[in-house]
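Structure record follows, encoded as C-alpha cells.
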Amino acid sequence: MDSILIIYTGGTIGMVRDEETGVLKSFDFDSLMIEIPEIKKFKCSIESISFNEPIDSSNMQPKNWSTIAQIIYDNYNKHDGFVVLHGSDTMAYTASALSFMLENLSKPVILTGSQLPIGDVRTDAKENLLTAIEIASAKKDGKAAVPEVAIYFEYDLYRGNRSTKSHAEDFEAFSSPNYPVLAQAGVSLKFSPSVIYKANDKPLKLNPHFNNNIATLKLFPGISEQQIFSIINIPNLKAIVLETFGAGNASTQIWFIDLLIEAIKKRIIILNISQCEGGSVDQGKYETSSAFDKIGVVSGKDMTYETAVTKLMYLLGTELSNEEIKESLQQSLRGEVLE
Ligand code: ASP
C-alpha cells in the first residue's frame with residue numbers, strides 16, 4: 001500500500017476565527033483532520049507530522065524551510081510522496097527553496113493550502129488537500145507521476161519554482177506565467193508528462209544551508225542615486241536581485257551604471273530579473289540593457305522573483321566560488337529557468 005506523509009506547517013487551511021476579534025489564528029493538526037473525514041477513504045496509508053507551533057507563512061524563515069526539507073529527507077524511504085500544508089502567502093518561496101534543497105528528488109513533494117479556513121462553509125481547503133494527496137500518490141509505470149516539488153491549488157498543479165502567488169483573494173491564487181501547468185484536476189487528473197521533471201536514479205541529497213546576505217533593488221522611474229548607493233553599501237552584502245523593466249532594461253544614466261560597476265568590483269553578484277510576470281530578460285536587446293553583459297550583470301532570464309531570491313540564497317550557502325555561482329544562476333538546476 002502506498003504511503004503519504006503530510007507535513008503541516010500552518011496557514012489559513014488550519015486556522016480558526018477568534019470569536020472576539022475576528023482575527024484568523026492557527027490551530028492544531030488533529031482538529032484540522034476532524035474536518036476532513038473523507039481522508040480515511042484513500043487506499044493509501046497517511047501519516048502526519050506537524051510543526052510544534054503552526055505558523056502563518058508570512059513568518060516562514062529559511063530555518064523553517066530546512067526543517068521541512070529535513071523531515072522529508074529523514075522520512076524519504078518510508079513514504080511514496082509528501083504533502084506540505086502551508087500558507088499561500090510565501091508558498092512559492094518555500095516551494096522554490098525546497099526544490100534546491102532536495103537534490104535528485106524522485107518522489108512528489110506537493111505543497112497546498114487554501115484561501116478559506118477548512119471549517120468555513122465555502123472552503124477551498126478540502127479539495128486542495130484531497131487532490132494534493134491523490135497527486136502525491138499517483139504513479140506512472142510504477143514510478144511517481146510527479147517526481148518534483150509542485151504547488152497544487154484550485155484544480156491546477158504548478159512547478160514549485162515556476163509559480164507565484166498572483167491573487168490575494170481569488171481561489172485561483174497561483175500562476176506560473178513562464179511554464180505550463182503540470183496537471184489539471186477535473187473529473188480525472190490529467191498529467192502532462194512532457195513538462196514534468198524527469199527524475200534521475202541518484203540518491204537524494206539534502207542541501208540545508210542558505211545565506212541571506214542578499215538585497216532586492218526594484219527600479220522605478222526617478223529612483224535616487226542615494227537609494228542605490230545605500231543598498232550596494234550594505235555591510236557583507238553578497239548579491240542583489242535587480243528588478244528591471246520589460247525585457248531586463250534600466251536607465252542608462254552614468255551614475256547608475258557606475259554604481260553597479262562599483263558593486264560588481266566588490267564581488268556583489270547582480271542578478272537581473274524582470275518586473276513583468278511573464279517573459280524573459282534579454283540583455284542587449286535594447287540599448288537600455290546593453291551595458292549589463294559588459295559589466296557582468298547576470299541575466300536571470302525567465303526566473304520568478306521567488307526563485308531568484310531562493311536560488312541566490314541557496315548558491316551562496318554552498319562552497320561554490322563567485323564565478324561558479326554566476327554560472328549556476330544561468331543554468332537550470334531544477335527546471336527553474338529556461339536554458
Ligand atoms: N496568511 C496566510 C498564510 O500565508 C494566508 C494563507 O494561508 O493563504 O499563512
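The values are calculated or read from the model by the stated rules, or taken from the named source; none is laboratory data. Bear in mind that the values here come from a model prediction, so they are computed numbers and not experimental data. Cβ atoms come from the backbone with ideal geometry, glycine included; neighbour counts cover every protein chain shown. The area values use the complete protein model at the heavy-atom level, side chains included, leaving out ligands, DNA and RNA. Shrake-Rupley method; radii C 1.70, N 1.55, O 1.52, S 1.80 Å.
Taking a straight line from the alpha carbon of residue 198, these aspartates and glutamates sit under 17 Å away, with near neighbours fewer than eight places off in the same chain left out: 80, 103, 141, 148, 336, 339.
Between residue 320 and residue 215, the FRET efficiency estimated from the beta carbon spacing at R0 = 22 angstrom works out to 0.65.
Extents of the chain, largest first, come to 65, 53, 34 Å (Cα atoms, principal axes, whole angstrom). Separation of region 177-220 and region 89-132, taken as the distance between their Cα centroids, equals 12 angstrom.
Volume per residue, Å³, of the convex hull around the alpha-carbon atoms of region 111-209? Don't jump to the answer; show the numbers that get you there.
Working: hull volume 13.3 nm³, N = 99.
Spread over its residues, the Cα hull of region 111-209 gives 134 Å³ apiece.
Taking the square roots of 5 times each eigenvalue of the Cα gyration tensor of region 243-339, largest first, gives ellipsoid semi-axes of 21, 17, 10 Å.
Given a cut-off of 21 Å, what percent of all Cα-Cα pairs of region 1-77 lie beyond it?
Numbers: 1072 of 2926 pairs.
So the pairs more than 21 Å apart make up 37 percent of the total in region 1-77.
Quote the FRET efficiency, to the nearest 0.05, computed for residue 201 versus residue 256 with a Förster distance R0 of 51 Å and r equal to the Cβ-Cβ distance. Please report the intermediate quantities before stating the final value.
Working: r = 48 Å, r/R0 = 0.94.
FRET efficiency, residue 201 to residue 256: 0.60.
Within straight-line reach of residue 202, meaning a Cα separation under 16 Å, sit the following lysines at least 8 residues removed in sequence or on another chain: 107, 143.
With the convex hull built on the Cα atoms of region 272-318, state its orientation-averaged projected area in nm². Please report the intermediate quantities before stating the final value.
Details: hull surface 14.2 nm².
Orientation-averaged projected area of the Cα hull: 3.5 nm².
Along the axis of the charge dipole computed for region 94-173 (Cβ charges of +1 for Lys and Arg, -1 for Asp and Glu, origin at the Cα centre), the listed residues 155, 109, 119 are led at the positive end by 109. The simple Förster model, with R0 at 25 Å and r as the Cβ-Cβ distance, assigns residue 294 and residue 266 a FRET efficiency of 0.90.
Give me the mean projected area, in nm² to one decimal, of the convex hull enclosing the Cα positions of region 137-261.
Details: hull surface 48.4 nm².
The number I arrive at for region 137-261 is 12.1 nm².
What Kirkwood Rh does region 62-168 have if only Cα atoms enter the pairwise 1/r average? Answer in Å. Don't skip to the answer; put the middle values down first.
Values: mean 1/r = 0.0717 Å⁻¹.
Kirkwood radius, region 62-168: 13.9 Å.
Distance between the modelled labels on residue 21 and residue 188, one decimal in nanometres: 4.9 nm (7 Å Cα→Cβ projection).
Just flag the trypsin sites (Lys or Arg not before Pro) in region 12-64 sitting in loop per DSSP whose Cβ has no more than 14 other Cβ atoms within 10 Å.
Numbers: sites: 17, 25, 40, 41, 43, 63; in loops: 43.
Here the sparse-neighbourhood loop sites are 43.
Carbon and sulfur atoms: what percent of the 1.4 Å accessible area of region 1-88 do they account for? Of the solvent-accessible surface of region 1-88, carbon and sulfur hold 47 percent.
Counting 0.36 nm for each residue step from residue 38 to residue 116 and taking away their Cα separation leaves a gain of 26.2 nm.
Counting only heavy atoms of the protein chains, get the accessible area per residue of region 195-339 (1.4 Å probe) and round it to a whole Å² value.
Numbers: 7010 Å² over 145 residues.
I get 48 Å² per residue for region 195-339.
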